[in-house]
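Here is the structure we will look at, set down as structure tokens.
The values are calculated or read from the model by the stated rules, or taken from the named source; none is laboratory data. What you see is a predicted model; the values in this text were computed from it and never measured. Positions of Cβ are backbone-derived with ideal geometry, glycine not excepted, and every protein chain shown enters the neighbour counts.
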Ligand code: SAH
């Protein structure tokens, strides 16, 4: 009877070494195999020419090497490319490559759908289906790496569909392989986990000994407003979230980036800027990234909800933060013409299918 093949991308170095030792193979073969997969981008075991024919055959019989299929891609005028990727069970996720002057960032998804139902985000609109496996997330990263082969893939952000800290173990395993010198070899400081803010998971992450970037989607600096935008805030209000952030900074000595979508008439007035500066100034190492809202749902946009404020309002908000001593960046919207903002492509695809 044929063996059920599993994804070799789900294995860490130790697990592959154990498998090889079981075959009476030297364990250094594990690094050779990973180098074919993660560095040379070879997905066919039969082409791994420094392995014996017999080992190649065993690998072929036991493992798969890539866990998705590219279904659809779209390219923005600014070079941003968005891919809809089909999983083995006919679910879809999206991944985006975002070129900039000295970097190319790959944005990957961590779940099919999302449980957290943030009001402004398309990802939750179709509900939650399932977690992505380690192999599926690594396949996304490898897919982006091979797709932008001419430009080196320098950064990975877990900012696609899903909540990475709600798929904690798989995401951490994927992060370690993206970072490992025998894996994708992308520096930890070039890997970002973005979260809606789950204090127990943030505290756990602080203990991992990783130098990765942590990004928290804040979007409002008072509980009432934040709860109305992000239901997770009812379970973990700002005081809980910020106490976990303090612990994280204390333990890792790393800065946390707070994402703040500027929504017209909702959170972009100067009082909101003041509230934001007050809360951020309670932390030793923090910065805020302002993101002018990207309307995901034309129906909401028609109602005047989820529109970005005008330029002047954005600059006044930014200026208020700077004057209050907050470290601020303003994110240039990327890929808006190809619906590359969170969850849009998958949502649109599903709507078309219905
Ligand atoms: N669940 C994670 C990662 C996915 S969202 C998180 O909450 O961080 C990635 C980022 O895109 C978050 O900062 C999110 O708030 C933001 N985002 C989602 N929808 C958006 C929209 N319509 N316009 C602008 N940013 C959006």
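Things worth noting here:
- Within region 140-163, being under 16 Å from residue 67 (Cα atoms) and in contact with a helix residue (DSSP H, G or I) (Cβ under 8 Å, 6 or more places away or on another chain) holds for 141, 142.
- Out of 30, 95, 122, sole residue that is surrounded by 19 or more Cβ atoms within 10 Å (Cβ to Cβ), within 20 Å of residue 176 (Cβ to Cβ) and in the same structural domain as residue 160 (by TED's automatic domain parsing): 95
- Cβ separations smaller than 7 Å between residues 6+ apart or across chains give the following pairs from region 231-259 residues that are closer than 22 Å to residue 318 by Cα to residues that are modelled with pLDDT of 95 or more and assigned to a helix (DSSP H, G or I): 238/223; 238/226; 238/279; 242/279; 256/245; 256/248; 256/249; 258/280.
- Test: residue 276 is modelled with pLDDT under 95, part of a helix (DSSP H, G or I) and within 15 Å of the ligand (Cβ to nearest atom): no
- Flag if residue 58 is within 28 Å of residue 110 (Cα to Cα) and touching a residue at least 24 places away in the same chain (Cβ under 8 Å): no
- Looking only at region 107-130, and only at residues there that are outside any loop (DSSP other than H, G, I, E, B) and at pLDDT below 90, the one that is farthest from the ligand (Cβ to nearest atom): 126
- Filter result for residue 194 (out of contact with any strand residue (DSSP E or B) (no Cβ under 6 Å at 6 or more places or on another chain) and either farther than 20 Å from residue 207 by Cα or in a strand (DSSP E or B) (or both)): no
- The set of residues in region 189-210 that are within 12 Å of the chain's Cα centre (by Cα) and either farther than 18 Å from residue 254 by Cα or within 13 Å of the ligand (Cβ to nearest atom) (or both) comprises 192, 193, 194, 195, 196.
- A search for C-beta distances below 6 Å between a residue of region 11-27 that is without any contact (Cβ under 8 Å) to a residue 40 or more places away in the chain and any residue that is assigned to a helix (DSSP H, G or I) and surrounded by fewer than 18 Cβ atoms within 10 Å (Cβ to Cβ), counting only pairs 6+ apart in sequence or on different chains, returns 27/21.
- Just so you know, in region 260-273 the residues that are within 12 Å of the ligand (Cβ to nearest atom) and touching a strand residue (DSSP E or B) at 6+ places or on another chain (Cβ under 7 Å) include one that is nearest to residue 121 (Cα to Cα), and it is 261.
- Scanning region 225-248 for residues that are out of contact with any helix residue (DSSP H, G or I) (no Cβ under 9 Å at 6 or more places or on another chain), closer than 19 Å to residue 278 by Cβ and away from the ligand (no atom under 14 Å from the Cβ) gives a single hit, 246.
- Taken together, 209, 183, 162 contain a single residue that is closer than 23 Å to residue 245 by Cβ, part of a loop (DSSP other than H, G, I, E, B) and out of contact with any strand residue (DSSP E or B) (no Cβ under 8 Å at 6 or more places or on another chain), which is 209.
- Count of region 61-73 residues, restricted to those that are part of a strand (DSSP E or B), under 19 Å from the mean Cα position of the chain (by Cα) and surrounded by 15 or more Cβ atoms within 10 Å (Cβ to Cβ), is 1.
- Residue 186 away from the ligand (no atom under 12 Å from the Cβ), under 30 Å from residue 321 (Cα atoms) and touching a helix residue (DSSP H, G or I) at 6+ places or on another chain (Cβ under 9 Å): no
- Scanning region 248-273 for residues that are in a loop (DSSP other than H, G, I, E, B) and farther than 12 Å from residue 321 by Cα yields a count of 8.
- The set of residues in region 77-102 being closer than 17 Å to residue 160 by Cα and in a loop (DSSP other than H, G, I, E, B) consists of 80, 87, 91.
- Within region 131-152, the set of residues being at pLDDT 95 or above and either over 16 Å from the mean Cα position of the chain (by Cα) or assigned to a loop (DSSP other than H, G, I, E, B) (or both) comprises 132, 133.
- Among the candidates 81, 140, 77, residue that is within 16 Å of the ligand (Cβ to nearest atom) and outside the structural domain of residue 19 (by TED's automatic domain parsing): 140
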